[in-house]
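In what follows, a single structure is set out as structure tokens and then discussed.
The values are calculated or read from the model by the stated rules, or taken from the named source; none is laboratory data. Note that the structure is a prediction, hence the values are computed from the model and not measured. As a convention, Cβ positions derive from the backbone with ideal geometry for all residues, glycine included, and neighbour counts pool all protein chains shown.
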Amino acid sequence: MSMSQTITQPKTVSILGMEITGPLIIAGPCSAETEEQVLSTAKQIASLRKAHIFRAGIWKPRTRPGSFEGAGSVGLEWLKKVKAETGLLTTVEIANVKHVSEALIYGVDVLWIGARTTVNPFSMQEIAESLQGVNIPVLVKNPINADLDLWIGAIERLQKAGITKLAAVHRGFSSYDKSQYRNKPMWEIPIELKRRMPNIPIICDPSHISGNKDLLLSISQTAMDLDYQGLMIETHCNPSSALSDAKQQITPAELGKLLSQIIIRTSSTEDKIFLSTLEDLRDKIDELDNNLITMLGTRMEMARAIGACKKQNGVTILQNSRWNEIVQERTKQGMKKQLTADFMMKLFEIIHQESIHHQKQVMQDGKEK
Ligand code: PEP
Ligand code: MN
């Protein structure tokens, strides 16, 4: 296959104990509101023949009191009907032991742990213990804050309770500063999760990352290009009247369109030309990385020499004007090479921090690490 072609690949995904022609698609409203809304949404989603699991929140964790807090247990009856009438599997968010037992009584197929529960080890432990001996599939959303260990810890607690059908759901991370996202994706965190837990499939929830409809396609496409195994997309028969997360929900028809626009690429191929081109390019990258490391080593030697000089002259390590000049100049230089200002800032913050560390060692005769 030539590298300029783009094709959509059928992809076999093994997830939550199922073998599917992926990606796994989970769709449904943020909240179950009425029986009609749930069944109408589910039937329209099922008729697309693209989704595997129907989602709907029954107990809604709301940031402020007074918002719609979910239909409660009656919604479990509606989900039972969804399964009977459409054949779709069902999933609900559970946040405590009572939710777990009710969901199990009503035969919910998959449980999901919300971001506000993953964050709490006490809740996770109680939920995990209540699931001992029940090998139901469980989805674990990332915690609201950017803490990979909490996410991993929640998954490990379930694993220790004997849950084997697990998947992580990436829904982005909350932050105080304004951004184009409702929850920043911080892709490096799920990428590191995948490196540390290679057997846990990852599903992207672009709805809670974007907080609106406009970014859904590009976030979903990024997730597929990072080899995620599925998508969870909030879908409502009448989004503008939704009682929660109205801005980010799409209609089943819009879901169908979105899914048909996503390009699914394969994670590996046997194509000889592709493999040899990739090998050549990777050899060059290896050489460049080698050079980078050598240069960084030399740069730190210079930092140590400067440290010795400053020590002799009783001068502080940090000189704000010099640091400011580096930030401004390197950002400009980087942008000429198509590197973003954000990347240059992050890169030089790390380099500068390491330089300070080396200078500190010289100044304090290696006493402080
Ligand atoms: C939801 O999926 O509607 C939800 C409450 O998600 P999160 O836990 O990611 O905020
Ligand atoms: Mn929601």
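Points to keep in mind about this one:
- All of 57, 22, 70, 17 fail the test of being surrounded by 17 or more Cβ atoms within 10 Å (Cβ to Cβ) and away from ligand 2 (no atom under 16 Å from the Cβ), apart from 22.
- Residue match in the stretch 61-82 (condition: in a strand (DSSP E or B) and either of a type in the set (Ser, Thr, Tyr) or in the same structural domain as residue 48 (by TED's automatic domain parsing) (or both)): no
- Close Cβ contacts (under 6 Å, 6 or more residues apart or on different chains) running from residues in the stretch 209-229 that are on the phi < 0 side of the Ramachandran plot and in contact (Cβ under 8 Å) with a residue 24 or more places away in the chain to residues that are part of a helix (DSSP H, G or I) and charged (D, E, K, R) comprise 212/247.
- Filter result for the condition that a residue is within 16 Å of ligand 2 (Cβ to nearest atom) and of a type in the set (Asp, Glu), over 93, 156: 93
- In this entry, residue 294 is excluded by the filter for residues that are outside the structural domain of residue 181 (by TED's automatic domain parsing) and assigned to a loop (DSSP other than H, G, I, E, B).
- Residues satisfying the stated conditions in the stretch 12-56, i.e. farther than 23 Å from residue 115 by Cα and assigned to a strand (DSSP E or B): 12, 13, 14, 18, 19, 20, 21, 22
- Criterion violated by residue 248 - all others in (1) in contact with a Gly (Cβ under 7 Å, 6 or more places away or on another chain); (2) not assigned by TED's automatic domain parsing to the domain that holds residue 227 satisfied: (2)
- The condition (being more than 16 Å from ligand 2 (Cβ to nearest atom), acidic (Asp, Glu) and closer than 20 Å to residue 186 by Cβ) is satisfied by just one residue among 205, 227, 280: 227.
- Scanning the stretch 121-150 for residues that are of a type in the set (Val, Ile, Thr) and assigned to a loop (DSSP other than H, G, I, E, B) gives 134, 136, 144.
- Looking across the stretch 223-274, just one residue is under 19 Å from the mean Cα position of the chain (by Cα), in a helix (DSSP H, G or I) and either surrounded by fewer than 16 Cβ atoms within 10 Å (Cβ to Cβ) or among the basic types (Lys, Arg) (or both), and that is 225.
- Checking each residue in the stretch 195-222 for being assigned to a helix (DSSP H, G or I), more than 21 Å from residue 31 (Cβ to Cβ) and within 15 Å of ligand 1 (Cβ to nearest atom) picks out only 219.
- Given (1) surrounded by fewer than 19 Cβ atoms within 10 Å (Cβ to Cβ); (2) in a loop (DSSP other than H, G, I, E, B); (3) not basic (Lys, Arg), index of the condition residue 191 fails: (2)
- Restricting 250, 306, 273 to those that are within 26 Å of residue 12 (Cβ to Cβ) and aliphatic (A, V, I, L, M) reduces the list to 273.
- Selection status of residue 236, at pLDDT 95 or above, touching a Cys at 6+ places or on another chain (Cβ under 8 Å) and within 14 Å of ligand 2 (Cβ to nearest atom): yes
- Listed by first and then second residue, the pairs with beta-carbon distance under 7 Å, at least 6 apart or on different chains, first residue in the stretch 29-55 and closer than 10 Å to residue 71 by Cβ, second aromatic (Phe, Trp, Tyr) and within 16 Å of ligand 2 (Cβ to nearest atom), are 31/68.
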